[in-house]
Every structure is written in structure tokens, then in C-alpha cells.
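Participant: Pasting a structure below so you can have a look.
The values are calculated or read from the model by the stated rules, or taken from the named source; none is laboratory data. On a predicted model such as this, the values are computed, not experimentally measured, just so you know. Here Cβ is always computed from backbone atoms with ideal geometry, including for glycine, and neighbour counts include all displayed protein chains. Quick note on the areas: whole protein, heavy atoms, side chains included, nothing else; ligands and nucleic acids left out. Shrake-Rupley method; radii C 1.70, N 1.55, O 1.52, S 1.80 Å.
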Amino acid sequence: MLPMSYDFINIEKKWASYWVDNATFYCDTHDFSKPKYYILDMFPYPSAQGLHVGHPEGYTATDILARMKRMQGYNVLHPMGWDAFGLPAEQFAIKKNEHPEKFTRANIANFKKQIQALGFSYDWSKELATVDPSYYKWTQWIFLQMFKHDLAYCANIPVNYCPELGTVLANEEVIDGKSERGGFPVIRMPMRQWMLKITAYADKLDRDLVKLDWPKSTLEMQKNWIGRSEGVAITFKIKNSEASFEVFTTRVDTLFGCTYCCLAPEHPLVEKLVSSKQKEAVEAYVKEATTKSDLTRTSTNKDKTGVYLGVEAINPINGKEIPVYVADYVLGSYGSGAVMAVPAHDERDYAFAKKHGLPIVQVLEGDISEQAMVEDGKHINSEFADGLNIAEAKVAITKKLVEINAGKRVVNYKLRDWVFSRQRYWGEPIPVLEKEDGTFLPVDESQLPVVLPNMDEYKPGKAGRPPLEEAPSSWLNVTLPDGSAAKRETNTMPQWAGSCWYYIRYIDPKNDNALCDEALLKHWLPVDLYVGGSEHAVLHLLYARFWHKFLYDIGVVNCDEPFQKLYHQGMILGENGEKMSKSRGNVVNPDDIILSHGADSLRLFEMFAGPLNEVKPWSTNGLDGAKRFIERVYRFVDEPSVNAKLSEDNDGKLDYAYNFMVKKVTSDYDDLAFNTAISAMMVFINECYKADKVYLPYFEGFVKCFSCVCPFVGEEMWARLGHKEILAYQSWPTYDESKLVLAKVKITVSVNGKMRDVLEVSKDATQEEVQAMAFKSNKVSPFLEGKEIKKIIYVPGRILNIVVA
RNA sequence: GGCCCCCUGGUGGAAUAGGUAGACGCGAUGGACUCAAAAUCCAUUGUCUGAUGAGGACGUGUCGGUUCGAGUCCGACGGGGGCCACCA
């Protein structure tokens, strides 16, 4: 085999270890002399499979920015860590009969090796793992602050429990009331869970979305998830009773059309209100409805079931008596768990009324013979609101309700409190003690961290019993200073806990006295750019905002949003355009690519394939093309005699190409438009080949730009050009705007919008001069002959359009 | 069902503010180099038509609109993707 000129294997090995050994990318967070730039990747969950080709995509994007910003003189914080608690590790550990800790540490080591082989400029001195007690000490500390501010509480809430499997299942794991695995029956039953009161922040989380430089789709998703909705709460009194219930509606204007009311099966008044005659039927219905999972209840949404309670309510606006039903199309967990039904103008109520033979009273003009009329229109049958449109009627009827003390404006949210406990082993212990009287006592801050005890048996227990119930008594049982006994909380935190604040810890990861030094926090937050997948749009990204806002409110951080700019990388599909998966056999392993083409080629290919935020297929040919371009560049320093020579003299031929390239690359990098930046670099190299030689400073400027995408070969070329200093802290190339102003500009001449000729004119040519040339052009004149010129539009430097009749 | 996004050559994708559609790459074809091949370098490459030329017509999912001019703006439809899904 011939010797390889572009020996990427050795080049990459050499510089990977050089950068690590010399801590090249160490960031002194105490150095405030330079402007800061905090650029963050969503840290990975270190799975057993190792990196997939999706990881390098986002990581390369941030790395390009980090490298450019360093050269632009910023103090760049670019850290990496491990989101290592969670179910997959635990399940895998159970399967392999190996402790999750051991298994997780091995995965982390493997991930780190793979990431370093890809040449990312992380500052490894900031490395952290959510499973480190020194880290989760502060996760627990934040939990304690929430507990102290009444944002963490314990409650009995209904969950999906499968007696056969002896475990709780997520909604997604329940299909038609049976477990996805095995098809065993699943019941709804209340279980004691820790909750975080994220709903207390619903308003702030919604309101502050406008401050963020985030993808529109993600903002939209969060907005919908929070689901703010303004409406009116109306009190309905029960006939012949002191009792009443409240409904929430966004369509108070239709109140005159309300012909019945519905309570959710979970509504506490159902059993109190039900008449003796209906008691049996209602109880049977409620029992069935409440043991169904949410998924079952919503999957059968075509059929609107319900049972009459045997009582009437009074519509406060007109005093009419209307029947009260219990129906499972009403959700117990939204609004007040009760609705006023207006069949004429609500599709669900329409379906229910038709099925149960309930009256339909139309209060807006329109056709309701086939379906409910939900559009805007003129009100009828609504007394004082007749003739008004929806908005006007809402105002009028709300005013009336307020006057008679039967209603008030309210805001509702879809957002629910966050179920924060898991009956699992591999998570952060919740730092709370339960006293013998059943009250909770937060662990004293001086006692943190509450370290997860080492256990041989960490499988989930029966009936949803947490594995920590079997922890050694020395861990489980605590004697309080007053001599009384208490027991540790045995639920653990969910996987999302550790990722809620890791961006804070990176700034000061070894601090033992605080989650982060205050002055450093002030200087470094918020994160300037955060890149990661969009799948976390309403999970991690919402949870982290919630925690951050809480920390802001208690004075720990001094900005109210954690991530100023957010960007999502698109998924990389298999070569066949389908999602990569083992079963499809189209998985590409980065380790293989590093061996066959090199990490630089992988990085270049992934950045060139298309816009960062779009879904892109893998392409072996594209990867070859990336490597070919690197070789075309590398040839300048490797075999300069062939086609490409470096020159000490500037003949001016490349002035435009070079300055254009630097300008384009600089702005495209900032916009995360890497595909077009790379294209600009290719154009420059093509020009160099055409010119046969390159002015050396131009080539060096190019190497700086190029090294952000391909750092290994960039560093190698820089060294081969005779530089002793590393590339990382060289100054970023500048461009000369005057070289970009061409003496001649091209003007498109069109007739009736149809392009006919392109004229080269002096950049200061007047319209008259251009017009004169255009009329003389034999490509243009035939189209003007015998025609009347109606109009001439001239855009300097761009186009001359002659309009003829 | 609701909301949001997308649709450009054989192919991945370019195209500030509406102003030469198809940059750059891949693939393909031809040439140079070579005993030959690979690699490399150079050239051509939207479709139809014209003669292999000059040229012409058409062309950004479909139909319509606004405009001197539309891939870009507006409306309807078709296709694909994402998120939420009885939220009153």
C-alpha cells in the first residue's frame, strides 16, 4: 500500500492527546478581563451503546462557535458532563446483574473517550456527572429550598398500576386498559407521590417566553403545554340544596344556551349530590371511569358516556333548572372538574346531548342541524346579549355574573404539577425524613448529601414499593436530636432532576460551600447559546426554566431565564432516509467513520449536509466528498509542488475571494449556517486552484476558519506552516471591505420581467448610462421593436426592467 | 380533530429586503496524466426545442391572486413531517 499523504489516523491521535495533555481549552472562569461566552451542549445520557452519529452533529456545531469565539478574544466556557441517573441504566444493570454505578462509570469512560476522539474543545476540568454525590448534594439542596418554599409537597395521586407485573406504568405503557407487555389488566390507583408545584410558575413561564431567542416551534410547544386560558368561573347552585359547584368556561357568552352540567367522575361532589334513585348507576359509572387509565378514557373519545345524577342545578343567568350529569369526558384535573354544557355551540356537548336526548338551545345564529356551531356570529335567545358578537357578549354576560355574584374572571392552565418521585433505586434520594406522626422534616443542609446507599438488591419492589425500602437500617432509620425516630424518604428523584441546573454547576464544579460562587454566577449566566434536540421542548427545557426561575426568586441567580439562545439540531437519518435503528440495519457508528475517514471528515460532512436544524440523511458519498475536500486543502502544506503553491507575494487575484470568504464564514458561523460557510470555503479553495498559488497570509486565514470545522487537520496545517503556538488562541481573521467592492457590477436587463441580458457596468453608472447600453444591446432590442415603452424600473446594482405594451 | 413547520434538477441542498433560480457538494459524461487502473487535475451537466451553434420556450407540489417583476407575499387545494390530543 502506498503511503498515505493525509494520514488522518495519526494526525488526529497526535492532536487529541496534545489538547488533553496540555489542557488547551481550560477556561479560567475567574478571568473577567475578557468578554464571556458560555456555549452549552445538552449533556448526554451515557448509554451502553456509546455515541451515535447524532451526537457529533450538535457537538460539532457548538465546537465551531466555541473555537471561533476563542479566536475572537472571548473567554469561552464550553463544558461537558454526564446525565447519568435514570431508568435505562437501572434496567440494564438488573439484566446484566451488575451494579448501575459500576455500569454507569464504564459508560462514562467510553463516552469520554469517543468524544475526545472527535476533537471537541471541551474544558475537561469542568466535567461533572449528575450521579456524583458532590453534584447531587446541590440537587438535593435545591429540592430543600423548594420544600421550604412550599413548592414540594407529598400527595396521593392516581397512577397506572399493574398488579400482575407488580409495577406502576407510564400512560404510554398502557393500551386499552392493559399493559403493553403481557396484556395484563392495569388499574388506576392513588399512590403517595412527591410533587413540585410548577403550576405556581405557570404565569411566569408563559409570560417570559417572549424574552427568548428560541426556535418558534419550541416556544409554541411550551406555550401550548402551559396552556394559559382566560375565562370565567361560574357558580351553579343545586336546586333544593345548599350545595353548589363551580364550572370554568372560555365561552361565557353561550351561557343562555347551557342546557345541562357535567361533573368529572373524580369530582368530590358527585357522591354527595347523587340522588338515592341514581346512586347505584352513578357509583358503578364512577368506579369504571376512575379505574380506567387516562389513555383509555381519551382513546374512546368518540363515545360520550355519562349518567344522570338525579339532581338539577340553576343556571344563574336565567334561573333555568338544568340536569346535572357525571361524564368522563370532563377531566377532573383541569379547571374545576365541572363544565356547563352548551350543546348548540360545543362539539362534545352536542354529541353528548344527542346521545342522551338533552335539549339543545341555540344562542348564536347559524346551522346546528348536523353539528355544533362554534364560529363567531350574532347572539340570539340571550336577552340583553342578543345581537352581540362573541367578544361583546362575553363582556356583557361576565359583567352581569359579577354583579349577581355568580361568576368571576379566572385564568386556567393545562400545566399540571410535576410528579417528582420514582419508585426506583438509581436516582437522587429525596432529602426528607418522615416522622412517626407522618409529618415531613427536611434533612438539615449540613447533612447533605444524602448519599444513595450501596445495595445488592435494587430491583423495583412489589406493589410499587421503592427498592430503598430494603436499604440498611442504618441508612433508613434516623434518630432526631430530640430522640424521636424518623424514616428516610425512599422514593428517588426522576431522571430530569439533575439536568435542571447542571449549566450552573459547570461554572464552579468543585465548590463545596455553594452550588456555585455568587460572583461567577453573576458573570457567566445566562448561557449564551444552548444546542440540543427538540425532543426536550416541554420536558427538560421547561423544568430547567422552572428551577431557574425559582432560584432567581430566592436570590441565587440574578437573571430570570437560563438559556438566552437555543437551537435544535435535526436528526440524522440512515442512508435510506429512514430513522436509524438496529432493526432497519442502517445504523452508522462514529467509531467506524473515525477509522475509515477520520473525525474531521465526519464533522465536515455533518456540517455540510444541510442546515443544522433540519433532518438530513446520512450519505456515504457525501462523507467521501468531505474527505476529498480536506485532502484538497491539505495538499497545500503536504505536496505543494503539484498544483497548489503557497506564495509570499500577493498578486491580488484572490483579494476578492479571500475577503468574501472570511466575511461569509464569520457571519454564517454566528448564524449557525455551517453548510453555506463551508460552501464559501470550498469556493475559495477552488479559486486558489484556479490561480495556481495562494498568498500565504490568505491561506493562514483560511486555516483558522477551516480549523473550527476540522480542528485536527487545521492544527496540523498550522504547525506545518511553521507556527509554534497552538491555533486555539490565534486572532480571528479580518476582512477588508474595500476589497469586496467591485469596480464593475452586473446589471440584469429584463423586458416585462423576463431576463434578456446581463450588462457589466461601472459601479457608479447612472440609470441613463445603463439604459443607453440596454437599448443598444442586440439581446434586448428585438424585444423592444415596435413596442411602446410604458415604464422603466431601475434598481442600482441589480436590475433594469423595461415594461412594454 | 387542533396548532406549527416543510415541498426547488438524477441527488443533499443554495438563493439578504420580492430583483440573473439551481451556489457548493454528490452522482453522471468527456478530457489530461498513466502501460493500465486508482487517485488527482480540467471541462460539461434543469427540461424541451433548435443542428452538436447562436437562440427560443418551459421550469421551485397544484390552481388562483397581488406586483413592472414571485421559490420568496396573499388565498384555496394536494402531499410530507412535528407537537398536542375530550383542556370546556
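Participant: Hand me the tally of lysine pairs in the stretch A:687-768: alpha carbons under 15 angstrom apart, and the pair either on different chains or 8 or more positions apart.
Facilitator: Count of close lysine pairs: 4.
Participant: Follow-up. Suppose every Lys and Arg Cβ carries +1 and every Asp and Glu Cβ carries -1, with no other charges. What dipole size does chain A come out with about its Cα centre, to the nearest 20 debye?
Facilitator: 1000 debye
Participant: Now for a separate question. How much net charge surrounds A:Glu445 when only other residues with a Cβ under 11 Å from its Cβ are counted (Lys, Arg +1; Asp, Glu -1)?
Facilitator: +1
Participant: Also, I was wondering about something else. Would you please give the residues with an amide H less than 5 Å from that of A:Val587, counting only those at least 5 places away or on a separate chain, with H modeled from the backbone geometry?
Facilitator: A:Ser581
Participant: Using alpha carbon centroids, what distance separates the stretch A:425-481 and the stretch A:699-720, in Å?
Facilitator: Answer, in whole Å: 54.
Participant: In addition: In what order, largest first, do A:Met580, A:Met195, A:Met221 sit by accessible area if the probe radius is 1.4 Å?
Facilitator: Greatest to least solvent exposure: A:Met221, A:Met580, A:Met195.
Participant: With every protein chain present, what accessible area does A:Ile108 have (1.4 Å probe, heavy atoms only), rounded to the nearest 10 Å²?
Facilitator: The accessible area of A:Ile108 comes to roughly 20 Å².
Participant: Can you give me the % of accessible surface on the stretch A:311-363 that is carbon or sulfur? Probe 1.4 Å, all protein chains present, nothing else counted.
Facilitator: That fraction is 52 percent.
Participant: Compute the Cα gyration tensor for the stretch A:604-668, then decide on rounded, prolate or oblate, letting a ≥ b ≥ c be the square roots of its eigenvalues: rounded whenever a/c is under 1.5, prolate when a/b is larger than b/c in the other cases, and oblate in all that remain.
Facilitator: oblate
Participant: Also, quick follow-up: Counting only the heavy atoms of the protein chains, how much of A:Phe384 is accessible to a 1.4 Å probe, in Å² to the nearest 10?
Facilitator: 90 Å²
Participant: Then there is this: Would you tell me the accessible area of A:Ile380, worked out with a 1.4 angstrom probe on the heavy atoms of the protein chains, in Å² to the nearest 10?
Facilitator: 50 Å²
Participant: Let me ask something else about it. Ignoring ligands, DNA and RNA, please state the percent of accessible area on the stretch A:543-612 from carbon and sulfur, probe 1.4 Å.
Facilitator: Summing carbon and sulfur atoms, their accessible area is 52 percent of the total for the stretch A:543-612.
Participant: In addition: What does the charge dipole of the stretch A:1-57 about its Cα centre add up to, to the nearest 20 debye, if the Cβ of each Lys and Arg holds +1 and the Cβ of each Asp and Glu holds -1?
Facilitator: Result for the stretch A:1-57 is approximately 40 debye, rounded to the nearest 20.
Participant: To continue, here is another question. What does the charge count near A:Phe783 come to, summing +1 for each Lys or Arg and -1 for each Asp or Glu among other residues with Cβ under 9 Å from its Cβ?
Facilitator: After counting each charged neighbour, the total is +3.
Participant: Taking H placed 1.01 Å from N in the peptide plane, check which residues at least 5 places from A:Val804 or on another chain put their amide H under 5 Å from its amide H.
Facilitator: A:Asn752, A:Lys790
Participant: Sort A:Leu263, A:Leu269 by accessible area with a 1.4 Å probe, largest first.
Facilitator: A:Leu269, A:Leu263
Participant: Relative to 2.2 N^0.38 Å, what does the C-alpha radius of gyration of chain A come to as a ratio? Two decimals please.
Facilitator: Values: Rg = 33.7 Å, N = 805, 2.2 N^0.38 = 28.0 Å.
Taking N as the residue count of chain A, the ratio is 1.21.
Participant: Please report the relative contact order for chain A, taking Cα pairs under 8 Å with a sequence separation of at least 6, and give it as a percent rounded to a whole number.
Facilitator: Working: 1445 pairs, mean separation 113.7, N = 805.
Relative contact order of chain A: 14 percent.
Participant: Principal axes first, then extents: for the Cα atoms of the stretch A:1-154, list largest minus smallest coordinate on each axis, whole Å, largest first.
Facilitator: 68, 48, 25
Participant: With the Cα gyration tensor of the stretch A:56-109 in hand, convert its eigenvalues to equivalent ellipsoid semi-axes via √(5λ) and list them largest first in whole Å.
Facilitator: Value: 36, 10, 8 Å, ordered largest first.
Participant: If Lys and Arg each add +1 and Asp and Glu each add -1, what is the summed charge of the other residues whose beta carbon sits under 14 Å from the beta carbon of A:Asn10?
Facilitator: For residues surrounding A:Asn10, the net value is -3.
Participant: May I ask which residue of A:Trp214, A:Met80, A:Val615 lies farthest towards the positive end of the charge dipole of chain A, with charges of +1 (Lys, Arg) and -1 (Asp, Glu) on Cβ and the Cα centre as origin?
Facilitator: In chain A, that residue is A:Val615.
Participant: I need the phi-derived Karplus couplings for the stretch A:583-590: 6.51 cos²θ - 1.76 cosθ + 1.60, θ = phi - 60°, integer Hz, Gly and Pro marked x.
Facilitator: In residue order, the calculated couplings are 5, 7, x, 10, 7, 10, 9, x Hz.
Participant: While we're on this one: Charges only on Cβ, +1 for Lys and Arg, -1 for Asp and Glu: so what's the dipole of the stretch A:299-442 about the Cα centre, in debye to the nearest 20?
Facilitator: With only Lys, Arg, Asp and Glu charged at Cβ, the dipole is about 280 debye.
Participant: Here's something else I'd like to know. Towards the positive end of the charge dipole of the stretch A:665-805, with charges on Cβ (+1 Lys, Arg; -1 Asp, Glu), say which of A:Met755, A:Cys705, A:Ser679 has the farthest Cα.
Facilitator: Of the candidates, A:Met755 comes out farthest on the positive side.
Participant: For chain A, report the accessible area per residue in Å² (1.4 Å probe, heavy atoms, rounded to an integer).
Facilitator: On a per-residue basis, 46 Å².
Participant: Any chance you could give the angle, 0 to 90 degrees and rounded to 10, that helix A:8-21 forms with the longest Cα principal axis of chain A?
Facilitator: 60 degrees
Participant: Classify the stretch A:224-268 from the C-alpha gyration tensor, please: rounded if a/c falls under 1.5, else prolate or oblate depending on whether a/b exceeds b/c.
Facilitator: Values: a/c = 2.35, a/b = 1.47, b/c = 1.59.
Since a/c reaches 1.5 but b/c is at least a/b, the shape of the stretch A:224-268 is classed as oblate.
Participant: If you don't mind, another one. Give the separation of the Cα centroids, the stretch A:513-575 to the stretch A:763-805, in Å.
Facilitator: Distance between centres, Cα-based: 56 Å.
Participant: Compute the whole-percent fraction of alpha carbon pairs in the stretch A:733-805 spaced more than 18 Å apart.
Facilitator: 39 percent
Participant: Can you tell me the orientation of helix A:711-720 relative to chain A, as the angle in degrees between its alpha-carbon axis and the longest Cα principal axis, to the nearest 10?
Facilitator: Helix A:711-720 and the main axis of chain A meet at about 20 degrees.
Participant: Sort A:Arg416, A:Arg632, A:Arg798, A:Arg424 by heavy-atom solvent-accessible area, probe 1.4 angstrom, most to least.
Facilitator: A:Arg798, A:Arg416, A:Arg632, A:Arg424
Participant: Looking at the square roots a ≥ b ≥ c of the eigenvalues of the Cα gyration tensor of the stretch A:458-540, which shape do they give, rounded for a/c under 1.5, prolate if a/b is larger than b/c, or oblate?
Facilitator: Working: a/c = 3.89, a/b = 1.58, b/c = 2.46.
In terms of gyration-tensor shape, oblate.
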